[in-house]
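In what follows, a structure is listed as structure tokens, so that the remarks can point back to it.
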Amino acid sequence: MVSISNNNQKQQLLSKMATNDGHGENSPYFDGWKAYANDPFHLTDNPNGVIQMGLAENQLCFDLIQEWVVNNPKASICTAEGAENFQDIAIFQDYHGLPEFRQAVARFMEKVRGDKVIFDPDRIVMSGGATGAHEMLAFCLADPGDAFLVPTPYYPGFDRDLRWRTGVQLFPVVCESCNDFKVTKKALEEAYEKAQQSNIKIKGLLINNPSNPLGTLLDKDTLQDIVTFINSKNIHLVCDEIYAATVFDQPRFISVSEIVEDMIECNKDLIHIVYSLSKDLGFPGFRVGIVYSYNDTVVNIARKMSSFGLVSTQTQHLLASMLSDEVFIEKFIAESSERLGERQGMFTKGLAEVGISILKSNAGLFFWMDLRRLLKEATFDGELELWRIIINEVKLNVSPGCSFHCSEPGWFRVCFANMDDETMRIALKRISYFVLQPKGLNNKAAIKKQCSRRKLQISLSFRRLDHEFMNSPAHSPMNSPLVRT
């Protein structure tokens with residue numbers, strides 16, 4: 001056996017794909033996750049650890065899910081009641097997916113969108129989560145070197161999902177805080193023209209509605225402008241709608257599917273929707289991603305590609321049963337919306353008490369926090385310096401705006417639905433202490449001391465916040481054994 005010590009020589013044995021950094025892990029977004037993994041917060045075992053506020057998970061309604069699972073044992077082929085279906089489900093290999101699964105997903109998509117549109121189950125194409133769905137569409141719509149326009153700020157994972165293995169580029173459509181980061185016709189035209197001048201071929205526009213990281217919705221006029229724009233350029237529109245059911249306040253969510261039904265001049269062959277059950281139901285581990293395209297050729301090709309990342313038939317079988325229970329689904333959607341609104345409201349009220357504002361939003365599992373006044377200098381270096389203090393001393397994993405390609409320093413994404421009530425209160429107390437502490441105080445020692453819940457000294461406003469929270473009608477589903485597991 002020949003031992004090769006030189007890293008360059010080792011890399012020569014592997015492909016360029018295996019040795020490049022296209023995954024995008026060299027980002028503060030993923031560095032925050034690593035900081036949490038190295039020192040994870042726990043209420044009793046590690047109360048001074050890093051609190052995970054960089055993970056967009058919906059964990060507020062698992063008590064409802066657990067109750068349904070207990071009451072519907074036949075939905076699983078791994079129970080005594082459902083075992084009679086084990087063989088049929090275990091040997092099913094058709095990459096179209098179980099018919100009942102596609103029908104149930106189509107109906108759920110309709111329900112989430114307020115029954116304003118009808119989805120054809122035959123256009124449902126499965127993938128391994130939204131990650132797989134985005135990559136699948138990139139392979140279908142573009143060649144290496146081609147590009148998609150993407151409004152900023154945008155989800156850091158898009159750099160991995162659409163670029164890494166496809167060779168596709170992402171070209172920013174710069175949006176600004178002066179108009180709440182809205183997507184405008186002017187911004188779209190300027191980005192397209194800039195790409196043309198750089199000899200970059202634009203094949204499509206990718207939008208995220210509701211927005212990650214902003215938690216905002218695209219209104220009807222903006223969606224119409226977007227559809228008109230892509231039709232005028234004859235480029236594709238990929239609409240990521242994976243947070244459609246996380247809306248907790250007015251205005252309501254409007255899907256691009258509503259818009260194209262009303263626009264006579266729209267070429268539907270250019271319209272494609274990405275969906276999943278990771279955010280709306282809180283099932284990221286099930287890896288259920290959906291491509292819904294109005295283009296017949298894309299549907300056929302994507303279905304062939306889906307063989308590289310199918311959803312297991314066991315998962316399909318369980319979800320087909322759950323999603324077909326319309327009484328449960330209606331209850332779940334309504335309760336999830338209420339709990340998300342309560343949690344976001346408690347968080348933002350607590351931040352407001354110490355003078356921290358957020359971008360007004362009404363959807364998502366996160367909000368866009370404005371810390372521009374805390375920057376030592378209004379640069380991205382200044383943003384990263386503040387972020388390192390928050391990660392290493394305040395011990396909160398919040399994600400800096402630069403990792404979302406934000407055009408302005410000082411914004412941070414904060415996830416609020418992936419923790420229990422007590423952890424939320426501790427996170428708020430840490431932020432409060434950090435913002436209100438006297439200048440010159442030793443940050444690291446002070447933050448470590450205040451992490452002990454019994455010795456926490458907080459302002460009267462936060463005592464009131466605790467009192468209001470404890471006496472509010474908000475639920476505490478995080479005590480569920482399923483969630484603890």
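The values are calculated or read from the model by the stated rules, or taken from the named source; none is laboratory data. Everything numeric in this text was worked out from a predicted model, so none of it was measured. Using ideal geometry, Cβ is built from the backbone for each residue, glycine included, and neighbour counts are taken over all protein chains shown. These area figures cover heavy atoms from the full protein model, side chains too; ligands, DNA and RNA do not enter into them. Shrake-Rupley method; radii C 1.70, N 1.55, O 1.52, S 1.80 Å.
Using the average count of surrounding beta-carbon atoms within 10 Å as a protection proxy, the listed peptides 284-290, 12-18 rank, highest first, as 284-290, 12-18.
Based on the inverse mean of 1/r over its pairs of different Cα atoms, what is the Kirkwood hydrodynamic radius of the range 359-439, in Å?
13.3
Seen from all directions on average, the range 166-217 presents a Cα convex hull projection of 4.3 nm². Charge dipole of the chain (Cα centre as origin; +1 on each Lys and Arg Cβ, -1 on each Asp and Glu Cβ, all else neutral): 1820 debye, rounded to the nearest 20. Taking the charge dipole of the chain about its Cα centre, with +1 at Lys and Arg Cβ atoms and -1 at Asp and Glu Cβ atoms, the residue from Leu374, Ser211, Leu359 reaching farthest to the positive side is Leu374. Pairs of lysine residues in the range 101-239 that meet both criteria, 8 or more places apart or on different chains and Cα atoms under 25 Å apart, total 24. Karplus-based coupling profile of the range 327-344, in residue order and whole Hz: 4, 5, 4, 4, 5, 5, 4, 5, 5, 4, 4, 5, 5, 4, x, 5, 5, 4, with θ = phi - 60° in 6.51 cos²θ - 1.76 cosθ + 1.60 and x standing for Gly or Pro. Listed by chain and number, the aspartates and glutamates whose C-alpha is less than 13 Å from the C-alpha of Lys349, apart from same-chain residues fewer than 8 away, are Asp466, Glu468.
A straight chain from Ser407 to Ser198 at 0.36 nm per residue would run longer than the Cα-Cα distance by 73.3 nm. The share of accessible area on the chain that comes from carbon and sulfur is 50 percent, using a 1.4 angstrom probe. Computed over protein heavy atoms with a 1.4 Å probe, the accessible surface of the chain works out to 46 Å² per residue. In this simple spin-label model, placing a label point 7 Å from the Cα along the Cα-to-Cβ direction at both Arg373 and Glu190 gives a separation of 2.8 nm. For the range 295-388, GluC sites (Glu not before Pro) meeting the loop criterion (DSSP other than H, G, I, E, B) and having at most 12 other Cβ atoms within 10 Å: Glu377. Comparing the range 236-343 with the 2.2 N^0.38 Å rule of thumb, its C-alpha radius of gyration ratio is 1.21 (two decimals). Each 20 Å bin from 0 upward holds the following percent of the Cα-Cα pairs of the chain: 22, 54, 23, 1.
Positive-end ranking of Ile426, Val70, Ser276 along the dipole of the chain, with charges on Cβ about the Cα centre, is headed by Ile426.
In a simple Cβ point-charge model (Lys, Arg +1; Asp, Glu -1; nothing else charged), the range 61-214 has a dipole of about 540 debye relative to its Cα centre.
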